[in-house]
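The values are calculated or read from the model by the stated rules, or taken from the named source; none is laboratory data. Worth saying up front: this structure is predicted, and the values here are computed from it rather than measured. Here the Cβ is made from the backbone with ideal geometry for all residues, glycine too, and neighbour counts use every protein chain on show. When the accessible area is computed, the model is the full protein with side chains, heavy atoms only, and any ligands, DNA or RNA have been set aside. Shrake-Rupley method; radii C 1.70, N 1.55, O 1.52, S 1.80 Å.
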Amino acid sequence: MLLVAALAGAMVWRVGWPPPETNLQSLLVVAPITFMALPFVFFGFGLYLRKPARSIVRSALFAESALFLVALAAAFWFRGFSSPRSVLVVGFLIHFIAVIGWRWGLQKTKHARASRVTVVATRDEAVAVVEKLLYEPSGWYEIVRVIEPGQLLAEGDVALVGSDMVVAGPSIVGRTRLVLLETAVRAGARVFIMPELSDILMVGSVAGQIGDAPVFEIRPLMLTGRQLVGKRVLDLSLSIPLLIMLLPVMAAVALAIKLFSPGPVFFTQKRVGLNGKEFVLYKFRTMVVDAEKRTGPVLATANDPRITPIGEFLRATRLDELPQLINVVRGEMSLVGPRPERPYFVDQFCRELPDYDLRHLTPPGITGLAQVMGRYYTSAQDKLRFDLYYIRHYSIWLDLKILLLTLQAVISRESATGVEASPTPQRMRAERLVLDRSGRVP
């Protein structure tokens, strides 16, 4: 309705009322196609999700740009040239402002009061959970209690009284989880559980039976042959044209590196790919030459002194990843998938996280679900959860959605920064909050 009003208003502003029939007919050719595209574009850019105001503005900007291109394409293919282009420009500008206003008003109305949150987890897990909640916009959540599993079992129904939502750590399993769910149902509270591998494997299971016994069928955590073929077709159909179109950009980046940073233009590194097979990954160099000569393999940190000035820009805009299109064409990578890591860190993560090797059951990607949904401070364990969720829910449509969300991540500096070398302010505040709210009855 907002789009109808915006385009109609722009038409009246441009040609007056009533609009000439030729102009109106042209708009009626373009508008229906744009209307049909709108929910898919808005879904792809996450405009139906709860987001901070800044993210809404960024998502709306990308969505309106995409819709504008759809309208132009419709006008070209269906010969709808009679309507002035300024109608589309002004119409989508009005719609952009209207969408932001609508979302702001909706969130103000729907979330006028902060959700009262009870965290059920061990002490270390509780700090991690509270830290994540503190990264959300102020006023969304009020943490009223932090209780451990034993306390939940001891208190029973009293434990969650007055809570709007409960966030449970991954260690809440078995009888404790059952008690949590029953208690939350009686208290009228929503439950959010951080999943273990078994939870991710169960998603998408199919109910069936063996004899007279009900069972759930759980398919293997890997892509089928048909899915791999479809993924490869999508990769080639997008990566080859992209590589050709971006050659001028890559040439400019290579020249900038050569002018402002002594050393080679490209950086190559061994990474672990599909089924644990190693391959050579290509990137534009963003660090000083021999950056790890003294330290050995280490992850990049926020404000890493080894990153060159031009390298900081390339990382923030993701331009340093462009040479990986060559890896995609060669079949060593996909456009979308778990990010490939170095063998050194893979060995380290496999020791710490026994399920880490499962992410190698699908081709690695230039971008992935963990990259568009996570942040630079997202832990390896949480990234692994995103990667396994991606494999379990794989589809061509999910790949296309992640590619759309990557466009947003490109302009978000925090998603391209290194890990934090020291505790964040949110981490320190989370530790204080957990200490203060532990066992507290509101």
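Miscellaneous remarks
- When the pairs 132/283; 51/283; 132/401; 258/283 are compared against a 26 Å limit on Cα-Cα distance, 132/283; 51/283 fall above it.
- Under the Debye formula (equal points on every Cα, no solvent term), log10 I(q)/I(0) of the chain at q = 0.05, 0.06, 0.12 Å⁻¹: -0.23, -0.34, -1.22
- FRET efficiency estimate (nearest 0.05) - Cβ-Cβ, residue 212 to residue 246, R0 56 angstrom: 0.40
- For the chain, the residue among 240, 118, 65 whose Cα projects farthest onto the positive side of the dipole built from Cβ charges is 65.
- Nitroxide proxy distance, nm - points 7 Å out along Cα→Cβ at residue 185 and residue 342: 5.0
- Using the rule -39500 (n - 2.57) for each DSSP H run of four or more residues, divided by the residues of the chain, the 222 nm mean residue ellipticity is -17000 deg cm²/dmol.
- Phi-based couplings in Hz for segment 149-165 (Karplus 6.51, -1.76, 1.60; Gly and Pro marked x): x, x, 5, 4, 5, 6, 7, x, 4, 5, 4, 10, 4, x, 8, 8, 8
- Measuring only protein heavy atoms, the 1.4 Å probe finds residue 177 accessible over about 40 Å².
- The spacing between segment 29-77 and segment 122-195, judged by their C-alpha centroids, is 37 Å.
- Annotation: aspartates and glutamates with alpha-carbon distance below 20 angstrom to residue 270 (same-chain offsets under eight excluded): 278, 290, 292, 320, 321, 332, 341, 347, 357.
- The charge dipole of the chain, taken about the Cα centre with unit charges on the Cβ atoms of Lys, Arg (+1) and Asp, Glu (-1), comes to about 880 debye, rounded to the nearest 20.
- Pairwise label distance in nanometres, residue 352 with residue 312, each label 7 Å out on the Cα-Cβ vector: 2.7
- Report note on the peptides 358-369, 183-194: ranked by the mean count of other C-beta atoms within 10 Å, highest first, their order is 358-369, 183-194.
- Helical segments meeting 27 Å axial Cα length and Kyte-Doolittle 0.5 threshold in the chain (DSSP H): 21-44, 53-77, 85-110, 225-245
- Nearest-10 value in Å² for the accessible area of residue 135, using the 1.4 Å probe: 50
- Simple rule: put +1 on each Lys or Arg Cβ and -1 on each Asp or Glu Cβ in the chain, find the dipole, and look at 221, 17, 272; the Cα lying farthest toward the positive end is 17.
- For the peptides 124-131, 37-44, 55-62, the ranking by mean Cβ contacts within 10 Å, running from highest to lowest, is 124-131, 55-62, 37-44.
- Taking other residues whose beta carbon is less than 11 angstrom from the beta carbon of residue 283, and scoring Lys, Arg as +1 and Asp, Glu as -1, yields +2.
- Rounded to the nearest 20 debye, dipole of segment 97-229 from Cβ charges on Lys, Arg, Asp, Glu: 560
- Residue 100 accessible area, assembled protein chains, probe 1.4 Å, Å²: 40
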